[in-house]
Amino acid sequence: MSEQSAKPYLIRAICEWCADNGLTPYLAVKVNAETRVPMSYVKNGEIVLNIGASATRKLTVDNVGVRFSARFSGTSHEVAVPMSAVAGIFAKETGYGFAFTASANPAASLADATLPKPETEAPDAQLGQVKEPKDAENRGKGKARPSHLQVIK
């Protein structure tokens, strides 16, 4: 059994948080072939959509995508955004929210984000030795490790 993405749950949570606090939820979208949005509003392959209750009708956020009806310059459009095209969700007024990145292999992304990467330096010309990686120099000296947090897909 494969694990479901947390992305739709986070989108719904930010939408609810925005509604409870009188804020406007905006959805950042990377437009692709499966995305149905008014193309005249797309800039550089991206569009930002107001998905607040006052701007949409029949808003649905499920594990497949985000769907709703909205007016753009007075013309009604059906909007459908697959979950893979959602780049982020944030409150317009505060900027608080989440950014998402797409990954072809989530397990590889997790490994890349959590495994320490050794720093390799050129041999010391005077001593003819290779310097220890900086990570090894800091080990055991109470120095904090860099964060290994990852943007959720």
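Nothing in this text is a laboratory measurement; each read-out follows from the coordinates by a stated rule. Just so you know, these numbers come straight off a predicted model, no measurement behind them. Every residue, glycine among them, receives a Cβ derived from its backbone with ideal geometry; neighbour counts consider all protein chains shown.
Please give me the summed charge of the neighbours of ARG57: other residues whose Cβ is under 13 Å from its Cβ, Lys and Arg +1, Asp and Glu -1. Please list the in-between numbers first.
Numbers: positive: LYS58, ARG67, ARG71; negative: GLU78.
Here the charged neighbours net out to +2.
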Requested in this report: May I ask for the net charge around ARG67, where only other residues with Cβ less than 11 Å from the Cβ of ARG67 are counted and Lys, Arg are +1 while Asp, Glu are -1?
Outcome: +1
Query raised in the report: Taking the Cα atoms of the range 7-99 alone, what are Rg (to one decimal) and Dmax (as a whole number) in Å?
Result: 12.1, 34
Requested in this report: Any chance you could run the full-extension gain for SER73 through GLU93? It's 0.36 nm times the residue separation minus the Cα-Cα distance, nm to one decimal.
Outcome: 5.0 nm
Query raised in the report: Tally Lys and Arg at +1 and Asp and Glu at -1 over the other residues with C-beta under 14 Å from the C-beta of ASN21: what net charge comes out?
Result: -2
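Over the range 1-43, what portion of Cα pair distances is larger than 11 Å, expressed as a whole percent?
Numbers: 671 of 903 pairs.
Cα-Cα pairs in the range 1-43 separated by more than 11 Å: 74 percent.
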